[in-house]
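Novice: Structure incoming, see below.
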Amino acid sequence: MQNTMILGTGRSGTSMVTACFRNTGLFFGDQLIKATPANPFGYYESQDINGLNNKIIFRLLYPRGTYRLRRFLYPSTHYDWRAFWAVLPYAARAVRVQPDERALIEQLCANQPFCFKDPRFSATLSTWKPYLPENTRFLIVFRCPFRTVDSMLRDAQESYDPHLAFKRPALLQTWIRTYTRLLRWAENDPRFLLVDSDQILAGEGHSELESFVECELDFTQIDPNVRRSKKTVTENNRLETKAGRLHRLLQSVARQHLGERADRNGVIATS
């Protein structure tokens, strides 16, 4: 059973995939966010982890002395802490953590085996990495960018009061930058596995995923009928074309990863 970090944007199927770990005995963190109508699987996210990652993102967005310029630098969502799950700073460097923050990370990582999930890890993983055990695996979850962004926009209206002022082009650009970064991190690194959440919904890749994390997962809660986003895939401008192209690349890499994992399982089974 391997320590696992779940990576990917919000509303990409990360909660559904993480829910498959619910009966493994893995540690998800303390003070988990409760399920909501927008996320019936449950979030499997720790408020402690989310809060720490918000602080790291704030430091990445606003180096010392620049917060007063925020209205000239970013849209309003970049200084609304509630929206930091959908904010990706241009820099993904490691930042210096305070002693109490370091103690929290070390305390969390001491609860092994663990499974930590937060969309903010796409921005903060470099800060966490020095404290993660060597056997940690990284699971990158994605789905169609247009359905993801549609779901993010709906969530911003339905789950927050006042509403989050998200704009579709900005969210689509964040999706592109997030998965471009995650693809770069995963390149030639066997600790990373790409998973298309639509494949998991369709019943594909289950044994390969179990092989990757080295434990038996529970897929019984997966129900394609809970999918709320029905948006039709469109590529009507340059940004949407770029997102569609990246999505197809992610699908290709995910198929390659699952194929390699299936071949490895076959070798083990016949040896």
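Novice: Go through segment 47-146 and name the chymotrypsin sites (Phe, Trp or Tyr not before Pro) that are in a DSSP coil and have 16 or fewer other Cβ atoms within 10 Å of their Cβ. Walk me through the numbers on the way to the answer.
Specialist: Working: sites: F58, Y67, F72, Y79, W81, F84, W85, Y90, F114, F116, F121, W128, Y131, F138, F142, F146; in loops: Y90.
Answer by residue number: Y90.
Novice: Residues with beta-carbon under 12 Å from that of F116, excluding F116: net charge, scoring Lys, Arg +1 and Asp, Glu -1?
Specialist: Residues near F116 contribute -1 overall.
Novice: Just to confirm my numbers, what's the Cα centroid distance between segment 12-44 and segment 175-220 in Å?
Specialist: If you average the Cα positions of each part, the centres end up 16 Å apart.
Novice: Mind giving me the nanometre distance, one decimal, between the label points for A38 and T241, set 7 Å out from Cα along Cα→Cβ?
Specialist: Simple spin-label model gives 3.3 nm for this pair.
Novice: With every protein chain left in place, what is the accessible area per residue of the chain in square angstrom, probe 1.4 Å?
Specialist: Details: 12910 Å² over 271 residues.
On a per-residue basis, 48 Å².
Novice: First compute the accessible area of the chain with a 1.4 Å probe, then give the percent of it belonging to carbon and sulfur atoms.
Specialist: 50 percent
Novice: Would you list which aspartates and glutamates come within 13 Å of K34, measuring only between C-alpha atoms, while excluding same-chain residues fewer than 8 positions from it?
Specialist: The qualifying aspartates and glutamates are E45.
Novice: Right, here's the next one. If R₀ is 35 angstrom, what is the calculated FRET efficiency for the pair D48 and Y90, using the beta carbon separation as r and rounding to 0.05?
Specialist: For D48 and Y90, the calculated efficiency is 0.85.
The values are calculated or read from the model by the stated rules, or taken from the named source; none is laboratory data. Predicted, not measured: the structure shown is a model, and the values here were computed from it. For neighbour counting, all protein chains shown are included, and Cβ atoms are generated from backbone atoms with ideal geometry for every residue, glycine included. Accessible surface is based on the protein model in full, side chains and every heavy atom, while ligands, DNA and RNA are left aside. Shrake-Rupley method; radii C 1.70, N 1.55, O 1.52, S 1.80 Å.
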